[in-house]
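Have a look at the structure below before the remarks.
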Amino acid sequence: MIYVVATLSVKPETRAEFIAAATACIKETRKESGNISYDLHESVTDPTKMVFVEQWENADALVPHRSTEHMKTFGRVAVKCVSAPPRIEIITPEKVDVR
């Protein structure tokens, strides 16, 4: 099992658009083979910080996820909404890979 934690900084004026796109993406991602959980959390101290916490059966499940239509759609919205590159941590029993 692996975890993915993606932290994004969102421009305040695009927050609602980001959340709407993320909500649609989450709904479809939860249907994917290999997905165990996929949630979005909003910081209680900084409304511009959003954190995706994902749980997958294995790293192989992430490969098709990245090229799904719902991820592509979300990506087109997210790129307009973020104010900095995302921090992505892929956590396996062996290591934590930060991208």
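The values are calculated or read from the model by the stated rules, or taken from the named source; none is laboratory data. Quick caveat: nothing in here was measured; it's all calculated off a predicted structure. Because the Cβ atoms are built from the backbone with ideal geometry, glycine has one as well, and the counts that use them run over all protein chains shown. To get the accessible areas, we keep the full protein, side chains included, count just its heavy atoms, and leave off ligands, DNA and RNA. Shrake-Rupley method; radii C 1.70, N 1.55, O 1.52, S 1.80 Å.
Taking Cα pairs under 8 Å and at least six residues apart, what relative contact order does the chain come out at, in percent? Intermediate values should be presented prior to the final figure.
Working: 167 pairs, mean separation 42.9, N = 99.
Once normalised by length, the contact order is 43 percent.
Accessible area per residue (1.4 Å probe, heavy atoms of protein chains only) ranks LYS49, LYS72 as LYS72, LYS49, with the largest value leading.
In this structure the amide hydrogen of VAL10, modeled in the peptide plane, comes within under 5 Å of the amide hydrogens of LYS49, MET50, SER83, none closer than 5 places in sequence on its chain. With the largest listed first and rounded to whole Å, the semi-axes of the equivalent ellipsoid of the chain from the Cα gyration tensor are 22, 16, 11.
The HN-Hα couplings worked out from phi for segment 22-34 by the Karplus form 6.51 cos²θ - 1.76 cosθ + 1.60 (θ = phi - 60°) are 5, 4, 5, 5, 4, 4, 6, 4, 4, 8, 6, 4, x Hz, whole numbers, x standing for Gly and Pro. Counting only lysines at least 8 places from LYS49 when in the same chain, those with an alpha carbon closer than 18 Å to its own are LYS11, LYS80. Dipole magnitude for the chain: computed about the Cα centre from +1 point charges on Lys and Arg Cβ and -1 point charges on Asp and Glu Cβ, it is near 340 debye. Within a straight-line Cα-Cα reach of under 22 Å, LYS95 cannot be paired with any lysines, leaving aside sequence neighbours fewer than 8 residues apart in one chain.
Evaluated at q = 0.16, 0.23, 0.30 Å⁻¹, a Debye calculation over the C-alpha positions of segment 5-52 (equal weights, vacuum) places log10 I(q)/I(0) at -0.46, -0.83, -1.16. Note on the chain: helix-only mean residue ellipticity at 222 nm, from DSSP H runs of 4+ residues weighted -39500 (n - 2.57) and normalised by residue number, equals -10000 deg cm²/dmol.
Take the Cα of THR45, step 7 Å toward its Cβ, do the same at MET1, and the gap between the two points is 2.8 nm.
For LYS31 and THR68, calculate 0.36 nm times their separation in residues minus their Cα-Cα distance, and state this gained length in nm to one decimal. Don't skip to the answer; put the middle values down first.
Working: separation 37, 0.36 × 37 = 13.32 nm, distance 1.16 nm.
Result for the pair: 12.2 nm of gain on full extension.
Using alpha carbons only, what's the Rg to Rh ratio of segment 36-94 with Rh from Kirkwood? Working shown, then result.
On the way: Rg = 13.0 Å, Rh = 13.3 Å.
With Rg and the Kirkwood Rh in hand, the quotient comes to 0.98.
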